[in-house]
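Everything below concerns the one structure shown next.
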């Protein structure tokens, strides 16, 4: 057994695992009316496989003394900070549950100098009214003795030998007084936290979930992460132990030292959107050996060289004066990254390299991609059209050089103006069965080789020649401008897609999703939009007042992990027809349809009016 005098109290603690040079230990702080051993008996030994783990009994609990018969989160936080120092550590990873989560929070706020990172589970930064109302009956000693004798017996067993058989009554009263009076941190105070923080709260936590305490903390602490495991109650670390271990260890690995925390913040600040970039870099410290000084090795992968240099610079700054090497960071997009042209009318981009994986977007005939990773069946690519990344079937691509891709696209003089343009192997008034080669979707650019009467011969990227009716093509020199007349012309074309099925990730009349339809609309006029609705929202110019035809209307709902009403997640986009009427590909109709924001209209949908986030304009 280990005891240590801390701030006038003799505290009991247990230690698991071995010390590792330059690695901070983990300090586990227990919840109310129990002990460190009871709260962390399952988690502590597992964490000890990789970390030194310290598990104290807070003053007044278990075998730890309580000379002043006091109980406050502030006092216990001071104890935890002193304990870390007295045990010879500069910093520790502070992990607390329930009231221990509050102690961990106060330690983070009042003693940041000893905190390497913090995990706050079932904690609250302020005393909400529901706690004041519901906690007193729960912690009433008479009620506990009458209605929860097993709780009473447990407290006597845990604390009685040190503090006396009736101490449990005093402990309940002291605990209640702390719960209904502290802590009391404002958003501004939380906003000054500079340390890595993970906030955990079970979705069904009856104590903390009703007032969304975890969301409040995570929203106001900069760079805080939030985990709300579905269907889980107050004791997350007991209810889903191995998921909890995995989540906490992942957090400590990614953010548990200054170098990796610097990389995390660089990624969050500049490369957070995985649709637009790749930034997966980790830092490992290699201790000095003989004449070889200690150094930091960076490993992982990034999209481009500027990201690799940014990672090198940020760790060099954080780890100074240690040496830093970024030779282990792979750069995926460089001058040597292979090019290819899409050689099918349309091909899916999948999230994973398998046919049943989620379709995230599509690439169309003649569009260029960069091959980031090549395989016999699937290639991981980046679309040059909108920067989207994912897996495309290898057979859909024609490998080529940059110059060949540019030459093919420069030779395209026309775009498809019909919904789906049939293509044939030869021109004739009545093509025979077997002569049809495929269908070319709306907006695809084509290279015209020759004309024969009303037929045009078009050349595919691989050199094949198909014949299409010239009436289905619009010469690019006649393409509508993104002005009032051009928008009206293109809207007339888009109206033909009413009834086209909704298709998640779709960009063609075989099936559109909402942002795919908006992208096709503006793309026909030569205006390149990002792929997804939230990206399109950020790319446009805000519109106030009357909506004009062609404006894009964006809709969304507040996410459950956020409190602020205007922190909405953009989930849908529609094209304005002018005034209150819109056309959009939507899941409600499971197709492209008309709707209105006007309550008196027969095609009015209340959700659209209630969840309109903003309007954006393009092309000007």
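The values are calculated or read from the model by the stated rules, or taken from the named source; none is laboratory data. Just so we're clear, the structure is a prediction, and the values are computed from it rather than from any experiment. Heads up, the Cβs are rebuilt from the backbone with ideal geometry, glycines too, and the neighbour counts pull from every protein chain shown.
Listing for the model above:
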| item | result |
| --- | --- |
| Options 199, 207; residue that is closer than 21 Å to residue 108 by Cα and surrounded by 14 or more Cβ atoms within 10 Å (Cβ to Cβ) | 199 |
| Test: residue 533 is farther than 18 Å from residue 418 by Cβ and over 29 Å from the mean Cα position of the chain (by Cα) | no |
| Per-region count, the range 432-448, residues within 29 Å of residue 494 (Cβ to Cβ) and exposed (fewer than 15 other Cβ atoms within 10 Å of the Cβ) | 1 |
| The one condition in (1) in contact with a helix residue (DSSP H, G or I) (Cβ under 6 Å, 6 or more places away or on another chain); (2) free of Cβ contacts under 8 Å to residues at least 40 places away in the same chain that residue 532 fails to fulfil | (2) |
| Condition check for residue 95: modelled with pLDDT of 95 or more and under 17 Å from residue 196 (Cβ atoms) | yes |
| Residue among 308, 255 that is under 28 Å from residue 49 (Cα atoms), surrounded by 16 or more Cβ atoms within 10 Å (Cβ to Cβ) and at pLDDT 95 or above | 255 |
| Filter result for the condition that a residue is assigned by TED's automatic domain parsing to the domain that holds residue 579, out of contact with any strand residue (DSSP E or B) (no Cβ under 7 Å at 6 or more places or on another chain) and at pLDDT 95 or above, over 532, 513, 551 | 532 |
| Residue identified as touching a strand residue (DSSP E or B) at 6+ places or on another chain (Cβ under 8 Å) and within 24 Å of residue 234 (Cα to Cα) among 94, 4, 34 | 94 |
| Checking residue 588 against (1) at pLDDT below 95; (2) surrounded by 13 or more Cβ atoms within 10 Å (Cβ to Cβ); (3) touching a strand residue (DSSP E or B) at 6+ places or on another chain (Cβ under 8 Å), the condition it does not meet | (3) |
| Residue 59 being within 36 Å of the chain's Cα centre (by Cα) and assigned to a loop (DSSP other than H, G, I, E, B) | no |
| Some residue of the range 65-76 being farther than 19 Å from residue 173 by Cβ and in contact with a helix residue (DSSP H, G or I) (Cβ under 6 Å, 6 or more places away or on another chain) | no |
| Of the criteria (1) within 25 Å of residue 362 (Cα to Cα); (2) crowded, with 18+ Cβ neighbours inside 10 Å, which one residue 412 fails | (2) |
| Residue that is surrounded by the most Cβ atoms within 10 Å (Cβ to Cβ) [pool: residues in the range 62-76 that are on the phi < 0 side of the Ramachandran plot and touching a strand residue (DSSP E or B) at 6+ places or on another chain (Cβ under 7 Å)] | 64 |
| Those residues of the range 492-501 which are surrounded by 14 or more Cβ atoms within 10 Å (Cβ to Cβ) and assigned to a loop (DSSP other than H, G, I, E, B), in sequence order | 500 |
| Residue in the range 517-528 that is in a strand (DSSP E or B) and either touching a strand residue (DSSP E or B) at 6+ places or on another chain (Cβ under 6 Å) or under 18 Å from residue 367 (Cβ atoms) (or both) present | no |
